[in-house]
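What follows is a single structure, written as C-alpha cells, with notes after it.
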C-alpha cells in the first residue's frame, strides 16, 4: 500500500488559494510545536535505539531528526512565495528519499551482523513515539491538502505514526521469536514508506515549480 495514494488528482496547475495558507499565524505556531516535539524524540529514541541495539528505533530516530529539519525549513519559507515553498518541498522530498535508501541499506547490512535487540525497550519507546507523532499528525491534519511544502510535513507525521505501529509490532515479534528479524523487517517497511512519500512530494513540487511565476 502506497503511503501517499491520496495525492491531488484534481490539480490543474493552479494555486487553488493555497499560497495564502502558510502565511497564517496558526500554521507558524503549529510548525514550532511539531519541531520541538520531533527534536526531543530524536534524542530520546536515538539513545534508546543504541542502548537496545534496535535498528527500528534508530531508523525511527533518524526520521524524527529529518522531520525536525523539515519543519525548520518549512518555518523559513512559510511567508515566502509558492516558488520558494515548492522548492522547499522538492528539497524535503529528495531528503526523504535519501533517508529511505539509507534505512534500507542499514537493515540489509544488519541481517548479517545484528544481535537480538531489547524487546521491552522497542515496545515502550515505540509507544511513546507513536503518541508524539499522533499529536503532530492531528495538529497538521487541517493543512494536509496545502502546497507540497505543507503536504510534506503532514506526510512526515502521518508516516511516522504508521511506522511507530510497526516498531511496536517489531518489539512484540522480537519478544515472541527471540530473533532480530522482526526489527530488521520494520526497518525495510519504514524505508519503503519514506521512498513512496518522497516520490509523492517530488511529483507535486515539480508541478508547482512549473506553475509558479519565474520571478517569484
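Among all positions in the stretch 86-94, there is at least one residue which is free of Cβ contacts under 8 Å to residues at least 60 places away in the same chain and within 22 Å of residue 200 (Cβ to Cβ). Cβ-Cβ contacts under 7 Å between residues 6 or more apart (or on different chains), taken from a first residue in the stretch 172-198 that is within 18 Å of residue 160 (Cα to Cα) to a second residue that is modelled with pLDDT of 80 or more and not in a helix (DSSP H, G or I), are listed as 183/54; 183/117. Could you look through the stretch 140-150, keep only residues that are part of a helix (DSSP H, G or I) and at pLDDT below 70, and pick out the one that is farthest from residue 37 (Cα to Cα)? Once the filter is applied, the top-ranked residue is 148. In the stretch 20-46, the residues that are under 14 Å from residue 136 (Cβ atoms) reach residues that are at pLDDT below 90 and not in a helix (DSSP H, G or I) with C-beta atoms within less than 9 angstrom, at least six apart or across chains, in these pairs: 27/78; 27/146; 31/78. Against the list (1) within 18 Å of residue 44 (Cβ to Cβ); (2) outside any helix (DSSP H, G or I), the condition residue 115 fails is (1).
The values are calculated or read from the model by the stated rules, or taken from the named source; none is laboratory data. Being a predicted model, the structure only gives us computed values, none of them experimental. So basically every Cβ, Gly included, is an ideal-geometry build from the backbone, and we count neighbours across all protein chains shown.
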